[in-house]
Amino acid sequence: MGKRRRQRRGDEDVSALSKKQKKHLKEFGEQHPFYDKVSQRAERTQVVQLPESSEEESHESGSEPESEPENASVYHQLLATLKHVSDDEEEEEEDDDDEDDDDDNEGVEEAEGQSGAEEEEGASEEEDEDNGEEDDVAADKLSGEKAEGEKLVAEVEDDEDKGDHKPEDPTQEGEEFTDTKHESAFSLETNFIDADIEDYKDRPASPSAVTSADPFKKHVARELEEDDIAQISTSSKKTVTSKWPTLGQLAFTSTFKEALPVKLDKENDPDKLYLRKPLDSTWPKVNRLYLTNQTEQNFTSLQRELFTVMDSYKDLYYPSRLATAQGEEIRHVYCLHALNHVLKANSQVLNNNTRKRDQKSGLDEEDLRDQGLTRPKVLIVVPFRESALRVVQILISLMEVPDKKVDVSNKKRFKDQFGCAPEDRPPNLRRPDDYEAVFAGNIDDHFRIGVAILQKSMRLYSPFYSSDIIVASPLGLRTIIGSEGEKKRDFDFLSSIEILIIDQADIYLMQNWEHVLHLMSHLNLQPTDSHGVDFSRVRMWSLSNWSKYYRQTLLFSALQEPQINSIFNKHCFNYNGQVAVKNIPKTGSICQVLVQLPHVFQRLEADSVLSVIDARFKFFTDKILPQYRDAIMSHTLIYVPSYFDYVRLRNYFKKEELSFTHICEYTDKPGISRARQFFLKGQRQFLLVTERFHFYKRYTLKGIRNLIFYELPTYPHFYSEVCNMMKAWKQGEEATWTCTVLYSKYDAQRLAAVVGAERAAQMLQSKKNVHLFVTGENN
C-alpha cells in the first residue's frame, strides 16, 4: 500500500463516508473543511510530540503541512507509536505495491538501475495520485470494520505477515531493480579499505614488489602509445607454436612486437599465482572434487595450463570443451580468474579511496587512475540459466571463508528464477550423454543478471552500472542492446569490459549466431553518458578509447568452426597477444558408425565462401536429386544443417511436386508425429530434417534406407548418430542402404572431424571428386 497507509484518517466513521470523501481522507489525512462540524465551544489546544521522521514522510507523500493543531485521539496515539518504522521498510512496502502492478512486465532491463533510486526518491505528484486511487480501493475493503483504531491494527498486522513471507528482493523479474537498502554498502565510491584491512596483514611490507610481478598490475598499468596502437592495428601477425602436456598444440599470435609467448611454469608455487584473498584459501576446498591425482596441487593438469594462459592476460581459444568431459573443470577455473580480477580491481579502488581521504603527503592524482568509464569489468556469456546458476554458485563458494558464510543479497530470488524443480523434467527420457549434459536444469536462454562484489559480500541482481560481473545469454544482451533506430536501447555498460568470457560458443550456433556478432560489435565503445563517473579516476587508456586493446577474451567451444574462429581473429585486439589450441583430429566420427554402409563423398567446386551456397544447391538439384527420384530410392532422409537451405529445398520440392515431408525445430509435436509416420510407412519418399531439430530433440527416425547429407554436420558426432539410425529399422535390406555426402574445400574443418585430418587432406587435394568409404564390414 505504500507510505500513505500510515497517514491519519481522523475519528470519523469511514463506512458512512462517500467514495469522494474517502479518497480525500486517504490523500490528505483529514476530511475536507466543507464537511467539518462547527461547534460554538472553543476547544483546548493540545500539542502532540511527533518523531523527527514525520515531517520527512509528509513531504515525500505529497501532503501539505497542517496549519491547525488537532486533538490527539486514540487513533493518533496509536499512529505515533508506529512512527519508528524505518525508511527502508517503507520503501520495501512501496516496492511491494509496484510488484503487484508490474507482474507482467518482464521486458524491463536491469541495466538502467543506476538512476532507479533517484527516480524513486523524486516521485511526482501524478504518481502519488495513482497510488491514492489504489489506496481508495483498500479503504473500500476496510469499510466493514467497527473502529478506525482496530482497522489500523489489522493493517499493521497484515503488513508484518507479508514481511515475514516476502522474498529477499522486493521486485519481480523484469522490473527495475534499485535495492536502495544495499546501494551504499556496495558502492565503490563511498567505501574504503579500512573494512577490508585484514586482507593486508599477510602481505609484504613493500607493495612495489607485488605491483611489479602481479600480472594484473602489469597488464592494466601498461600505458600504450600512439605508435603502439598503430603497430597493433596495421602490422601482420607473427605466430609461435609450442606443445604443452595437456592442452597439446598451441599457437601464439600477436601484432605487438613486445608481446611474448606464454611459458608453462614447471613449479606449482601457489605464491606465484597472486590469488587475492580469500581465494588462496577457498580455491583448494572448492576444486578438490576434481583433483583425482594425488600429485596435483589445487589444480588439475588441464586447469593449471589454462590458468597459466589466463593469468598472463592473453586471449585464449580452447575448442575442446566437451559437454561430457572437463566442462565443470573449465568453468571453475575461469570463474577463479574472473573473481580474482574483480577483487584486485576493487581493492585497488578502495585503497586509493583511503589514500585520497587521508590526503597523504606526496599524493599524485595520476596515481589514482584505477577505473574504467563504467563499473562492469567482467562479462560472462553462457547459453542457459542452468549455466548461469552454476557460475554464480561457484563465485559464492569462492567467496565463502571457512566458518563464515558470505553475505549474498537476493539469493532466494536467484534460486527461484534460475533453478529447476525435478518434476519439470519429463520422466523416462532417454537421450545421449552429451544431450543430458547440455540440457540439464533450466534451459531458458533469455536472461541477464548483474553481480556486485565488495568487502566479503555479494549482491545479486545489482543494476548493471553498479555491477562488477554481468552473467547473461546472447539473447538477454541483444534485447537490452537493441538495434539502431530504437529509442530504448543501452550498451554503455559494455564500454569498460576488461575480461570477456564466452562459454559453450558452439551452442550459440544452434541458437542465433547473429546475437553474438551484435554483442561483439558493441563492446568497448565510448559511452553516450557519463553515468556519474569521476573522470579524474579513469585510466588514460580508457579515456583514449583503447579499452579493446586491453580486453582479454576467453573463448570456449566444443568444436572448431569458421564462425567461431572469426570471432577470435576479427574481434580480439589484446596487445598481449592470443593463444589458440589447435589439435588436429586424427580419427573422425565415421569410425563410430556401426552399420554396414557405403559412404560416398562428392566434392563440389565453388569460387568463394559466398558462392558455395548456390553452388551446393545447383549441384544437389542437377546431379544428386535425379538419382533418387526413382521409386526404388524411397525412404530417403535429407539432413540439412542450415535452416535457410532447408527452406530453399522445401520450396523447391513443393514446386517440383515431389513426394516429401519435412521436420524442423519449429514443427509442433503433432506435425512431427505425422511426418515420422508418413516416412516410416513409405507414404512420403523424402524427409527433410534440419540440424537444429536433431540438436534439440534427438529423436530416432525409423525407416531410413537412403541418407543424404546436404552439408557436413556442425557437430561431428551427429554424423555417426544419424547413420546409426538405420539399424533401428531392421527389414533385412542392409545391402541396399546408401549414404551420400556433399562437401567443398571450404568445409575442411568439418570434413577433418568426420573422416580424420589425414584423409581430409587427401580428399581436398585429390583430382577425384568422388571418394568412397565403407563401414561395418566386420559386422
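Remarks
- 1.4 Å probe accessible area per residue over segment 281-388, in Å²: 34
- Charge tally around ALA505: other residues with Cβ under 9 Å, Lys/Arg +1 each, Asp/Glu -1 each, net -2.
- Accessible surface ranking that places the most exposed of LEU554, LEU260 first, with a 1.4 angstrom probe: LEU260, LEU554
- Seen through its C-alpha gyration tensor, with square-root eigenvalues sorted a ≥ b ≥ c, segment 216-307 comes out oblate because a/c lies at 1.5 or above while a/b is not bigger than b/c.
- Net charge over other residues, Cβ less than 10 angstrom from the Cβ of THR324 (K, R count +1; D, E count -1): -3
- In terms of distances greater than 24 angstrom between alpha carbons, the cross-link table entries LYS218/LYS377; LYS237/LYS582; LYS217/LYS356; LYS257/LYS344 yield LYS257/LYS344.
- Carbon + sulfur, % of accessible area of segment 634-726 - ligands and nucleic acids excluded, 1.4 Å: 47
- Positive-end ranking of ALA325, MET399, LEU368 along the dipole of segment 304-421, with charges on Cβ about the Cα centre, is headed by MET399.
- Heavy atoms of CYS420: accessible area, 1.4 Å probe, square angstrom to 10: 60
- Loop GluC sites (Glu not before Pro), segment 634-714 (other Cβ atoms within 10 Å of the site Cβ: 13 or fewer; DSSP): GLU656, GLU657
- Stretchable slack from ALA440 to ALA761, in nm (0.36 nm times residue separation minus alpha-carbon distance): 111.8 nm
- In a DSSP loop and with at most 12 other Cβ atoms within 10 Å, the GluC sites (Glu not before Pro) in segment 461-540 are GLU484, GLU486.
- Cut-off 14 Å between beta-carbons: net charge of the residues surrounding ARG616, Lys and Arg +1, Asp and Glu -1: -1
- Area accessible to solvent at GLU366, 1.4 Å probe radius, in Å²: 100
- Average accessible surface for segment 459-610: 36 Å² per residue, computed with a 1.4 Å probe over protein heavy atoms with every protein chain in place.
- Here the extension length gained between LYS487 and SER536 equals 14.5 nm, from 0.36 nm per residue of separation less the Cα-Cα distance.
- Cα shape, segment 434-488, gyration tensor, a/c 1.5 rule: oblate
- Segment 282-320-segment 637-692 distance, computed between alpha-carbon centres (Å): 45
The values are calculated or read from the model by the stated rules, or taken from the named source; none is laboratory data. Bear in mind that the values here come from a model prediction, so they are computed numbers and not experimental data. We place every Cβ from the backbone using ideal geometry, glycine too, and count neighbours over all the protein chains shown. Quick note on the areas: whole protein, heavy atoms, side chains included, nothing else; ligands and nucleic acids left out. Shrake-Rupley method; radii C 1.70, N 1.55, O 1.52, S 1.80 Å.
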